[in-house]
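Only one structure is covered here, and it is reproduced in the block below.
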Amino acid sequence: LRTALADTKMEWYPIPIAVGIGFLGFLQFYRIQRSQSSQPRLPDEREDRDSGYGSGGEGRPPRRKRTRPSGPWSVQIMSTLPLKALSRLWGRFNEIPLPYYLRPIGFRLYAWVFGVNLSEVGEPDLHAYPNLASFFYRSLKPGCRPLDSNPNAVLSPADGKIIQFGTIEHGEVEQVKGVTYSLDALLGAQRPSHSGASTPLTQPASPALTPQTSRDWTSDDDAEVVRDDEEFAKVNGISYTLPNLFSGPKEEDVHHSAVDQSTPAEASAEAEVRADLALGESNRPWWAPSSYATKTPTALYYCVVYLAPGDYHRFHSPVSWVATSRRHFAGELFSVAPYLQRKLPGLFTLNERVVLLGHWRWGFFSYTPVGATNVGSIRINFDRELRTNSLTTDTEADRAAAEAAARGEPYSGFAEATYEAASKVLGGHALTRGEEMGGFQLG
Amino acid sequence: STIVLVFEAPKGTRPSFDEGYRGMKGERKGGWRWNIQRGQKVKVGEALGYV
């Protein structure tokens, strides 16, 4: 190398101007292409353009618009895979019955790899589990998970790891590494609808799927969905009305309900909250704290629990609350492993998820199981009509998108159903503290 | 799989003037308080926090 460097004769020539211009042009073209590919795009638009339907997709029935996630190369590769089809295939594969005598060996190996505590498994005879899917959805022995003795505690809904928790401010949930996503995108931007009809609580709720379109929450159309002064729930002596719970109290309610009988310290807190309310009322979404009319100022809190493959995959109710509606977002099924949560912004708003909306003693409460590639099926015990990770659901979503387009409205991306109960006061499906609500199943 | 909880809870009341004078400046008393840490493993039924 030393000889080559020392003895090789180098001659320098000026580069022709045309080559330089061409090089700069190529560099600019490359930059533009790169910046476009890194931004979220709509695959449908790209497909329409490539297939000759035009940029607006003229002549083609409208389909659901799904944003393409941005992120590192691993995310880009993953976004090109048919994740839902893979998930369904994975589910079918795991439903294949195992040979009877190989079951204990296979499940013990699985338990050793993923750290399953076999002494807690509800059925000690491992031969009883015909396949991995049934073992994955195993129950636990009674008494294995004692509930916290403090009645004011919010319990962990599942076995898992705390990924993130905190307070929600300005409608943004902070994800890992400071990446944020909108609460509207997670839960849906429209207020839940409510119906006065009722069915017995002892029977599982049978909600009718009523795909609805999203509207701006500030629009006047909201009056059609929520009836004024309809009593929503009465918990601990506090009456909740729909306007109170989802759109805030009326001005006169604020003045009459709390301040008159409060101490000076509480009155100052009330005054502060009322000032916040006055500031934010014009742009306050429906899920924002609703207890301004009561004496207790509240805030919105969130917590993300990640369930690893070996964990117990049934989930329970963290508090006693009332589920009034559910929203099924038929999204994609990316992995939700902590690595991908760090790398893929807004992961929870991309994946298929079931948002259960309701209320508890302090106001708003929502519970959102988010599916993943390997565990794409979300099961809710009291909602037998819910079908997740299914071709039928995707077809229904496509049809709903077409109907919304025909009406000239944007598609909200979710199908909503309401839970009706015998008790009009509760107005939904009541769940007790620690009650099993459902679970995640393989594929 | 993941579960996301979003809920409303009391954020406590501001301390009185005397309490603020004694060192509780800006801190709210009562209200919601977390009982967990990031990365902590939890089991069903354990408390995430208290009101």
task: Rounded to the nearest 0.05, what FRET efficiency do residue A:112 and residue A:169 give with R0 = 35 Å and r taken as the Cβ-Cβ distance? Could you check?
output: 0.20
task: Quickly rank A:95-106, A:20-31, A:379-390 as a protection proxy: mean count of other C-beta atoms within 10 Å, highest first.
output: A:379-390, A:95-106, A:20-31
field: Spacing of the two label points (7 Å from each Cα toward its C-beta) at residue A:96 and residue A:21, in nm
entry: 6.3 nm
query: Got a sec to turn the phi values of region A:324-330 into Karplus ³J(HN,Hα) couplings, 6.51 cos²θ - 1.76 cosθ + 1.60 with θ = phi - 60°, whole Hz, x for Gly and Pro?
result: 9, 7, 10, 10, 9, 9, 8
- request: Calculate, in nm to one decimal, what residue A:405 and residue A:28 gain on full extension: separation in residues at 0.36 nm each, minus their alpha carbon distance.
  value: 131.9 nm
query: Hey, how much of the P(r) for region A:306-401 falls beyond 15 Å, as a percent of Cα pairs?
result: 65 percent
- request: Report the percentage of all Cα-Cα pairs in region A:349-391 whose separation exceeds 17 Å, rounded to a whole percent.
  value: 38 percent
- prompt: For labels at residue A:150 and residue A:7 in the simple 7 Å Cα→Cβ model, what's the distance in nm?
  reply: 8.2 nm
- line: residue A:385 and residue A:435 label points (each 7 Å along its Cα→Cβ direction) are spaced in nm at 1.9 nm
- prompt: Which pairs, out of A:161/A:343; A:343/B:11; A:141/B:41; A:141/A:343; A:84/A:161, put more than 27 Å between their alpha-carbon atoms?
  reply: A:343/B:11; A:141/A:343
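No lab work stands behind these numbers, since they all come straight from the coordinates. Since we're looking at a predicted model, the values are computed, not measured. We place every Cβ from the backbone using ideal geometry, glycine too, and count neighbours over all the protein chains shown.
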